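Q: One structure, as structure tokens, below. Some questions next.
Here, each number is a calculation from the coordinates, and none is a lab measurement. On a predicted model such as this, the values are computed, not experimentally measured, just so you know. Cβ: placed from backbone, ideal geometry, glycine included. Neighbour counts: every protein chain shown.
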Amino acid sequence: MVGVIAPLGKLLLTAAASAGIVKAVSDGRGPSALRRTAVSTTKLGIRAGRAAEVGVEKLRLATGDVVAQAHAELGEDAPVPRTPSADHGHDHDH
């Protein structure tokens, strides 16, 4: 589901920016209107990105809760969640 939301969000932001630019140019408002449109669209993108991050984190936590409950009902200890590590055994710069 999350894999579908991100492309749709990008599409909506692109459409909003395009519509704003076309309107600004057709109204003859010039570069200042284009800049305002770009800033407004960027603000929307930042807010959408933050909202998506919150949603993904909630989904990750809910999934972890379900997995932990399933292990508990089987009488097992739930595995410790993996955490990202800077030393994770392959070659590339971080």
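Q: Compute for the stretch 10-73: radius of gyration divided by Kirkwood radius, i.e. Rg/Rh, restricted to C-alpha atoms, rounded to two decimals.
A: On the way: Rg = 19.8 Å, Rh = 14.3 Å.
With Rh from the inverse mean 1/r over Cα pairs, Rg/Rh is 1.38.
Q: So if we plug the beta-carbon distance of A15 and A78 into 1/(1 + (r/R0)^6) with R0 = 35 Å, what FRET efficiency do we get, rounded to 0.05? Please list the in-between numbers first.
A: Values: r = 43 Å, r/R0 = 1.24.
Computed FRET efficiency for A15 and A78: 0.20.
Q: Under a cut-off of 18 Å between alpha-carbon atoms, report the lysines in cross-link reach of K10, not counting same-chain residues fewer than 8 places apart.
A: Candidates past the 8-residue exclusion: K43.
Q: Ok, one more. Using the charge dipole of the stretch 10-73 (Lys, Arg: +1 at Cβ; Asp, Glu: -1 at Cβ; taken about the Cα centre), state which of A51, S40, V22 has its Cα farthest towards the positive end.
A: V22
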